[in-house]
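Read the structure below first, then the notes.
Please treat every number below as a calculation from the coordinates, not as lab data. Nothing here was measured: the structure is a model prediction, and the numbers come from that model. Here the Cβ positions follow ideal geometry from the backbone for every residue, glycine too, while neighbour counts run over all protein chains shown.
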Amino acid sequence: MSRLLWVLLAAIALGLIVLIARHDAGTVFGLESEAFARTLALGTIAAFIGAGIFRSGYAFSYLAKAAFFWLLIIAALVGGYQYRYELQDVANRMTAGLIPGSPLSIKDADGRVSVMLERLRNGHFEVKAEFDGAAVVAMIDTGATSTVLTYQDAERAGLNPDGLDFTVPVMTANGTAKAARAVIDELRIGAIVRRRVPVLVTEAGRLDRSLLGMNVIGTLSGFDMRGDRLILRD
């Protein structure tokens, strides 16, 4: 085995000498110098790995099984990287179906973004949006002129409702209430982003669920309903 090792070292040294000597020519044995260098490096690694395997003393069947196992792992890693976007899309679709309100962002060939939502059992569409980084579940309400936050969701978004002026009358499921005007710096619905969004904040206990109104939906290029799915188009 030591003789084989010296042969491998001599072959590697010869390859390096030829590569250095032919550097100005740009090619070695018909290959570009860079391609030849990569081939030489990979060959060196493969040679030393092979020499180590043969010197290990393990049976060939064991080595074959181990090699097959590692090839499967490498193939899985390469395949996962190559199809990472498709796998991410599948994961997003599963999440959207299993977790109510989870937005599924879709980008077409032209780079335009759409967000798909699944209808809830109560017949409404809700979305888990981010108001200034805070996760808020809001019901899609095309009948609401403004986007309205509950007192608790406004606190979660960092608006400090105690310092707001509740002077705007609004109608809720619990009757007439007073709301205050505020502005959200950034609103995210999946991959759809809107900045400096005016919102209303209701008094504590006067609204059960925050509402995503037409002042946001109206900024979209369109939205349509397909069965139990609502698609928002940026």
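What to note about this one:
- Beta bridges from DSSP with both residues in segment 89-233: antiparallel share about 85 percent, rounded to the nearest 5.
- Inter-site label distance for Ser221 and Val183 at 7 Å from Cα along Cβ, in nm: 2.8 nm
- Surrounding net charge for Pro198, when Lys and Arg each add one and Asp and Glu each subtract one, Cβ distance under 12 Å: +3
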